[in-house]
1. Go through the residues of segment 66-81 one by one and say whether even a single one is assigned to a loop (DSSP other than H, G, I, E, B), crowded, with 17+ Cβ neighbours inside 10 Å and over 12 Å from the mean Cα position of the chain (by Cα).
2. Is there a residue being of a type in the set (S, T, N, Q) and at pLDDT 95 or above anywhere in segment 5-14?
3. Can you give me the number of residues within segment 1-60 that are within 17 Å of Leu96 (Cβ to Cβ) and either open to solvent by 80 Å² or more (accessible area, probe 1.4 Å) or assigned to a loop (DSSP other than H, G, I, E, B) (or both)?
4. For Thr54, work out the one condition from (1) more than 13 Å from the chain's Cα centre (by Cα); (2) within 21 Å of Gly94 (Cα to Cα); (3) touching a residue at least 12 places away in the same chain (Cβ under 8 Å) it doesn't fulfil.
5. From Asp82, Asp92, Asp34, Asp60, which residue is modelled with pLDDT under 95 and in contact with a strand residue (DSSP E or B) (Cβ under 6 Å, 6 or more places away or on another chain)?
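The values are calculated or read from the model by the stated rules, or taken from the named source; none is laboratory data. A quick note: this is a predicted structure, and the numbers were derived from the prediction, not measured. All Cβ positions, glycine included, derive from the backbone under ideal geometry; neighbour counts span all protein chains shown. Remember, those area values only see protein heavy atoms, side chains included, never the ligands or the DNA or RNA. Shrake-Rupley method; radii C 1.70, N 1.55, O 1.52, S 1.80 Å.
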Amino acid sequence: MFITFLSDFGLQDDFVGTCRGVIARIAPEATVIDITHGIEPLAVLQGAIVLANTVPYMPDGVHLAVVDPGVGSGRRALAVRDASGRFYVGPDNGLLVP
């Protein structure tokens, strides 16, 4: 199983490592592919474009994307499956739309 991971977390703190640790605890057999963690902070449109541009080159699996100005708020999370069977997980803020 493959999980791709895209975020605006950067690499200066523990957020990416913590997320990867949680993924490893839940799905130790999964291979995680980091698309980027360099999306500009809170830049939902940039994250959506990068996700849309890169997913066609990724193996089938789960595509996790986190760029969310409302993180920690009551915003819902989404899990969506497209027509080809790929799964997308992210905040309900337009990031997964393209």
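1. Just the residues of segment 66-81 that are assigned to a loop (DSSP other than H, G, I, E, B), to begin with: 67-76.
From what's left, crowded, with 17+ Cβ neighbours inside 10 Å: 67-68.
The next check asks that each one be over 12 Å from the mean Cα position of the chain (by Cα); those that pass are none.
For segment 66-81, residues assigned to a loop (DSSP other than H, G, I, E, B), crowded, with 17+ Cβ neighbours inside 10 Å and over 12 Å from the mean Cα position of the chain (by Cα): absent.
2. yes
3. Selection size over segment 1-60: 10.
4. (1)
5. Asp92 is the lone residue from the list that is modelled with pLDDT under 95 and in contact with a strand residue (DSSP E or B) (Cβ under 6 Å, 6 or more places away or on another chain).
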